[in-house]
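Undergrad: I have a structure I would like to understand better, so I am pasting it below and will then ask my questions one at a time.
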Amino acid sequence: MTISIIGAGLGGLALARVLHLNGIDAVVYEREASRGARGQGGMLDVHSGTGQRALREAGLIDRFHAIARREGQDLRLLEPDGTLLLQEDTPDDAPADRPEVDRADLRDLLLDALPGHAVRWGHALEHAEDGLLRFADGSSASYGLLVGADGADSRVRPLLTDARPAHTGQNVVELGIPDVDRTRPDLAAMVGRGNYWVLGDGQSLSAQRNGDGRVRVYLGFRTAEDWFGTSGIPFDDPAAARARLIELFAGWDPRFTALIAACDDTVLPRPITTLPVGLTWPSRPDVTLLGDAAHLMPPVGQGANMALLDGALLGLALAAHPDDLPAAVKEYEREMFERAGAAGRQSARVQEILMAPDAGRRMLAFFQPG
Ligand SMILES: Cc1cc2nc3c(=O)[nH]c(=O)nc-3n(C[C@H](O)[C@H](O)[C@H](O)COP(=O)(O)OP(=O)(O)OC[C@H]3O[C@@H](n4cnc5c(N)ncnc54)[C@H](O)[C@@H]3O)c2cc1C
């Protein structure tokens, strides 16, 4: 039976790798033209109990530790007036509970561990039905088991559920400072080696050092779905967009607006959408979902970890029941629904804190309960 995986993101690749380790062939169809066709975004923290567990099952944990940045676990938490609430610096001998890794490096690690023919690049799925996949370039292919690992806007999901991602009431603008050590050593020192969070009332600024020397800056706003249209941020004019964003942070410590002013011309609007927490569907023998396609949650550190573990656990279930794939799918879904539901509830709670009045103090209490 042909196992077809739609999407060469972290979840789809983890599945393909675990199947490959178990001698099971699968085909991954990916809409991008090649592995380098699109920037893969910033750093991910990979947790010991989930993402790292998946990489262990995939036989890649040693190679992961070789590319992970333990010091990326550092955290600074501040208030808009500049008050430092928390500073956690990772000692050299600290356990690598949640080291940071560049998303592109992690994806390359998984891709390099698959045979070259496992991923068919340039295959954007348009439609799937009755064992047939139709792609945007007019080609088609048959499947026995179809796995939708195609992210937030999954084309596979409608085969299983009518649920759609909905706006959370939060919008994010992503910016970045390239080569920060050389261009702005003062800001490099301020942000430090890991994550830098400034939390205000319904508004936030976070900065994160990446492995390539870039600092990614995320500006969060508790605003409505149509806000990118009404905010007056001219996304097609980066310098004017930065000026408008600085206006929106009026009253914040000037060190924070200096971070925005130092950014380059990448200014990306990112509306934050999620699927309903605890989403399930009646199991079907020939189709399932993993990762964001199954349980899109706010970007607060769980999504990539869940996607990796989904892929690994589905691979192990299929390897354990090679003659009864529908039973394997059911077994995988039972565990995934429960685990992803719990992660979704926790992510929603963190998201609510991030956007609350007095978010800084509430986040401090989250990190240091009691
Ligand atoms: C700004 C931001 C920061 C984040 N930070 C973190 C973090 O620190 N830690 C964490 O755990 N999570 C984080 N996340 C969440 C994480 O990125 C996702 O949960 C994770 O990437 C999901 O993996 P996936 O494999 O399910 O989907 P994706 O990574 O979205 O991969 C889906 C793949 O499918 C392909 N595809 C889509 N449609 C089609 C189609 N029709 N045909 C063929 N191919 C298709 C896409 O091109 C893509 O390669 C963050 C998210 C954002 C937006």
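The values are calculated or read from the model by the stated rules, or taken from the named source; none is laboratory data. What you see is a predicted model; the values in this text were computed from it and never measured. In this analysis, Cβ positions are derived from the backbone assuming ideal geometry, glycine residues included, and neighbour counts consider all displayed protein chains. These area figures cover heavy atoms from the full protein model, side chains too; ligands, DNA and RNA do not enter into them. Shrake-Rupley method; radii C 1.70, N 1.55, O 1.52, S 1.80 Å.
Undergrad: I'd like the distance between the alpha-carbon centres of region 195-257 and region 279-325, rounded to an integer number of Å.
TA: Distance between centres, Cα-based: 33 Å.
Undergrad: Of 154, 142, 48, which has the most accessible area and how do the rest follow, probe 1.4 Å?
TA: 142, 48, 154
Undergrad: Taking every DSSP beta bridge with both residues inside the chain, roughly what % is antiparallel (nearest 5)?
TA: Restricted to the chain, the bridges split so that about 70 percent are antiparallel.
Undergrad: Let me ask something additional. So which trypsin sites (Lys or Arg not before Pro) in region 1-66 are both in a DSSP loop and have at most 15 other Cβ atoms within 10 Å of their Cβ?
TA: The qualifying sites are 38.
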